[in-house]
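Participant: Quick one: the structure is below, questions incoming.
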Amino acid sequence: MKAFVYGANGAEIVDVAKPAPKATQVLVRVRANGLNRADLGMTKGHAHGSAGGVGAVLGMEWAGEVAELGPDAEGVQVGDRVMGSGAAAFAEYTLADHGRLFHIPSTSNMSFEEAATYPVALATMHNAVVTNGALQPGQTVLVQGASSGVGLMAMQIAKLKGAKLVIGSSTDAARRERLQEFGADIAVDSSDPGWVDQVLKATDGEGVDLIVDQVSGKVANQNLAATRIKGRIVNVGRLGGTHGDFNFDLHAARRIQYIGVTFRTRSIEEIREIFRQVRDDIWPAVESGTLKLPIDKVYPFGDIVRAFEHMEANRHLGKIVVRQ
């Protein structure tokens, strides 16, 4: 089968053996893939937890049809239209645990391309906003890096769960102008030294209840200053750097809960629980189209290198998808 693999010549499409499902695994005929920032690093040879590296089939998000079941797989049948996440997704066929997928809603006309935009964003941001962020109705939220697919989903989930004020950040003026389409009441530029003052003004000087941070690094201390006393910061991504100055005194004085999250160190049991929580809590909003992401551009699988060039240019809003 064809797959996008990192090898001696970099990332390229090559022929590899078709996998076979074992235990609770499901074999999926992939029809579309969503691209993610972590994928971009792996195309350059970087590891992402246990994924990536020489010889690895890349990719982590897909939509397609169930082709075969492992002997212990439950809750799914051959022929089902599904979407999910897991390693080695950029291929004609991929394996997924039966608890790490969603059924594509039968009540809508959702395409495979549309379905491929959902899994990572839903699982990541429900866990960040609701489970770890403990957002309550009437509270205020700042999403750092709001113009990414997961950022746009975070704002929508915050609104769905009753946030009274949602602030989104983007360093790109054109993308800031569009954040209100996805739940933002206010858009700020995190590269502008005055953004903290804008957040404080919007929250009557108190700061936000919750920051969902995909930037980290250079904005760490500004985040502390923009968070209210006894507020929460959930560290989801590190687009602004994995290291930075941190004002421990301000952190302590404001009694901020600083929570780190990643899928890289979670067990399959933990991941299954995250997917279950999404299904139980917000799935009706997916079925109705209340939660959805824009597709910036769709490329054929043969042009996946061009798709990543488009991502690296960093001018897109929402998801970049490849079609198989």
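The values are calculated or read from the model by the stated rules, or taken from the named source; none is laboratory data. Here the structure is a predicted model, which means the values were calculated and not measured. Every residue, glycine among them, receives a Cβ derived from its backbone with ideal geometry; neighbour counts consider all protein chains shown.
Participant: Please list, ordered by first then second residue, the pairs with beta carbon atoms under 8 Å, 6 or more apart or interchain, first in region 296-324 and at positive phi, second in a helix (DSSP H, G or I).
Facilitator: Gly318/Gly149; Gly318/Leu152
Participant: Counting just the residues of region 33-50 that are over 18 Å from Asp97 (Cα atoms) and assigned to a loop (DSSP other than H, G, I, E, B), which one comes out nearest to the chain's Cα centre (by Cα)?
Facilitator: Asn36
Participant: Could you look through region 131-146, keep only residues that are touching a Leu at 6+ places or on another chain (Cβ under 8 Å), outside any strand (DSSP E or B) and not aliphatic (A, V, I, L, M), and pick out the one that is farthest from Leu179 (Cα to Cα)?
Facilitator: Once the filter is applied, the top-ranked residue is Gly133.
Participant: Right, Asp303: at pLDDT 95 or above, more than 30 Å from Asp15 (Cα to Cα) and out of contact with any Phe, Trp or Tyr (no Cβ under 9 Å at 6 or more places or on another chain) or not?
Facilitator: no
Participant: Suppose the filter is surrounded by fewer than 22 Cβ atoms within 10 Å (Cβ to Cβ), in contact with a Leu (Cβ under 9 Å, 6 or more places away or on another chain), part of a loop (DSSP other than H, G, I, E, B) and assigned by TED's automatic domain parsing to the domain that holds Ala307; does Lys22 pass it?
Facilitator: yes
Participant: Next up: Go through Val30, Val66 for me and flag whichever is surrounded by 22 or more Cβ atoms within 10 Å (Cβ to Cβ), in contact with a Ser or Thr (Cβ under 6 Å, 6 or more places away or on another chain) and either assigned by TED's automatic domain parsing to the domain that holds Ala87 or not in a strand (DSSP E or B) (or both).
Facilitator: Exactly one of Val30, Val66 is surrounded by 22 or more Cβ atoms within 10 Å (Cβ to Cβ), in contact with a Ser or Thr (Cβ under 6 Å, 6 or more places away or on another chain) and either assigned by TED's automatic domain parsing to the domain that holds Ala87 or not in a strand (DSSP E or B) (or both), namely Val30.
Participant: So which of Ala87, Ala96 ends up being buried (at least 17 other Cβ atoms within 10 Å of the Cβ) and modelled with pLDDT of 95 or more?
Facilitator: Testing whether each residue is buried (at least 17 other Cβ atoms within 10 Å of the Cβ) and modelled with pLDDT of 95 or more leaves just Ala96.
Participant: Across region 205-218, what is the number of residues that are at pLDDT 95 or above and either in a helix (DSSP H, G or I) or surrounded by fewer than 23 Cβ atoms within 10 Å (Cβ to Cβ) (or both)?
Facilitator: 2
Participant: Continuing with the same structure: Which of the following residues is in contact with a His (Cβ under 8 Å, 6 or more places away or on another chain) and at pLDDT 95 or above: Leu250, Leu200, Leu179, Leu224?
Facilitator: The match here is Leu224.
Participant: Kindly check whether there is at least one residue in region 131-142 that is surrounded by 17 or more Cβ atoms within 10 Å (Cβ to Cβ), within 22 Å of the chain's Cα centre (by Cα), in contact (Cβ under 8 Å) with a residue 24 or more places away in the chain and more than 28 Å from Ala38 (Cβ to Cβ).
Facilitator: Within region 131-142 (the criterion being surrounded by 17 or more Cβ atoms within 10 Å (Cβ to Cβ), within 22 Å of the chain's Cα centre (by Cα), in contact (Cβ under 8 Å) with a residue 24 or more places away in the chain and more than 28 Å from Ala38 (Cβ to Cβ)), the answer is yes, since at least one residue qualifies.
Participant: State the number of residues belonging to region 53-63 that are among the small types (Gly, Ala, Ser) and in a strand (DSSP E or B).
Facilitator: 1
Participant: Report yes if some residue within region 59-70 is charged (D, E, K, R) and over 14 Å from Ala87 (Cα atoms); otherwise report no.
Facilitator: yes
Participant: Okay, moving on. Cβ-Cβ distance below 6 Å, separation of 6 or more or different chains: which pairs start in region 196-217 with a residue that is more than 24 Å from Asn127 (Cβ to Cβ) and end on one that is part of a helix (DSSP H, G or I) and of a type in the set (A, V, I, L, M, F, W, C)?
Facilitator: Val196/Ala225; Val196/Ala226
Participant: Give the residue that is surrounded by the fewest Cβ atoms within 10 Å (Cβ to Cβ), with candidates limited to residues of region 109-130 that are in contact with a Gly (Cβ under 7 Å, 6 or more places away or on another chain) and β-branched (Val, Ile, Thr).
Facilitator: Applying the filter and picking the extreme gives Val120.
Residue-by-condition table, conditions (1) assigned to a strand (DSSP E or B); (2) of a type outside the set (A, V, I, L, M); (3) in the same structural domain as Leu101 (by TED's automatic domain parsing):
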position	(1), (2), (3)
Glu269	no, yes, no
Glu273	no, yes, no
Arg276	no, yes, no
Arg279	no, yes, no
Val286	no, no, no
Lys297	yes, yes, yes
Gly302	no, yes, yes
Arg306	no, yes, yes
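Participant: Let me ask another. For the condition within 25 Å of the chain's Cα centre (by Cα), surrounded by fewer than 19 Cβ atoms within 10 Å (Cβ to Cβ) and either in the same structural domain as Ser147 (by TED's automatic domain parsing) or free of Cβ contacts under 8 Å to residues at least 40 places away in the same chain (or both), what is the one hit in Thr242, Thr227?
Facilitator: Matching residue, one of Thr242, Thr227: Thr242.
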